[in-house]
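So the structure is just underneath, and the comments pick up after that.
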Amino acid sequence: MKVYQQIASCLQAIENCRKSNNQEWLARHAETIKNIVREYLPHGSGIDGENTFDFDGSEPNRLVFGTSFHHMNDGGMYDGWTDHTVVVTPDLATGFDLHVTGRDRNEIKEYLAECFGQALDQDVSPDQYKKLAA
């Protein structure tokens with residue numbers, strides 16, 4: 001299963017837990033999502049902040065992530081941050097569609113879309129998922 005599918009599956013499980021008032025498993029599924037985000041989403045090469053998952057803004061068919069990019073100037077010195085939201089929705093032809101919001105300083109949104117797209121399209125083996133599951 002792909003990373004985005006695992007997250008959507010856990011989010012659906014969270015919705016089911018809310019309906020049945022199963023707080024223990026709700027917390028376990030939420031922790032699994034946090035582990036997947038920490039393990040699979042891009043980090044480094046300017047994506048130096050913590051990637052977050054927006055539990056309130058997400059649904060099983062709409063995943064929302066927060067990220068920040070640490071920009072450098074022409075001299076190679078860090079000179080500021082931009083904050084971005086990455087929204088992932090289903091696409092029957094390609095699996096998912098990805099949209100990056102926020103300031104497009106140095107055309108960074110295209111780079112972020114590429115990085116997040118590759119990360120979300122990775123396969124998660126059943127053994128790796130067991131390690132990530134709380």
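Computed from the coordinates by the stated procedures, all read-outs in this text should not be read as laboratory data. Remember, it's a predicted structure, so these values are computed and weren't measured experimentally. No Cβ is skipped: glycine too gets one built from the backbone with ideal geometry, and neighbour counts run over all protein chains shown.
Using 0.36 nm times the number of residues separating Glu107 and Asn22, minus their current alpha carbon distance, what extension gain do you get? Each step should come with its number before you reach the end.
On the way: separation 85, 0.36 × 85 = 30.60 nm, distance 4.40 nm.
Answer, rounded to one decimal: 26.2 nm.
Only Cα pairs under 8 Å and 6+ residues apart enter the sum, and on that basis the relative contact order of the stretch 3-132 stands at 20 percent. Hey, with R₀ at 25 Å, roughly what FRET efficiency would Arg38 and Asp74 work out to, going by the Cβ-Cβ distance, to 0.05? So, using R0 = 25 Å, E works out to roughly 0.15.
Note: relative contact order over the stretch 30-104, using C-alpha pairs below 8 Å and six or more positions apart, is 21 percent.
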